[in-house]
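Here, each number is a calculation from the coordinates, and none is a lab measurement. This structure is a prediction, so every number in the text was calculated from the model and none was measured. Cβ: placed from backbone, ideal geometry, glycine included. Neighbour counts: every protein chain shown.
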């Protein structure tokens, strides 16, 4: 038996009548409810957004990143100055 997650959240969307009609017709073409159709479109769009903004590092780049994280360089004078400026000008609550 497939476990279906319980849906608790709602998402309200305002559409033009023309777009609502297109969504209804597209859902009907696939034999799906409007909710199922829109949910699948959202899943596809979300996955695409994350894929296009994903950073993929080579093994060499990954090793370099790990090295920098484990053994950070000393801050430069420019970074020290930026930190001083921040401390003097930004109020932390």
For the chain, set up a Gaussian network in which alpha carbons nearer than 10 Å are linked by springs, and say which option among 48, 39, 67 fluctuates the most.
67
Can you give the FRET efficiency for residue 43 and residue 66, using 1/(1 + (r/R0)^6), R0 = 30 Å, r = Cβ-Cβ distance, to the nearest 0.05?
0.35
Binning at 5 angstrom from zero up to the longest distance, how are the C-alpha pair distances of the chain distributed in percent?
2, 9, 9, 11, 10, 9, 8, 8, 9, 10, 8, 5, 1
Calculated [θ] (222 nm, deg cm²/dmol) that DSSP helices of n ≥ 4 give over the chain, each run adding -39,500 (n - 2.57)
-20000 deg cm²/dmol
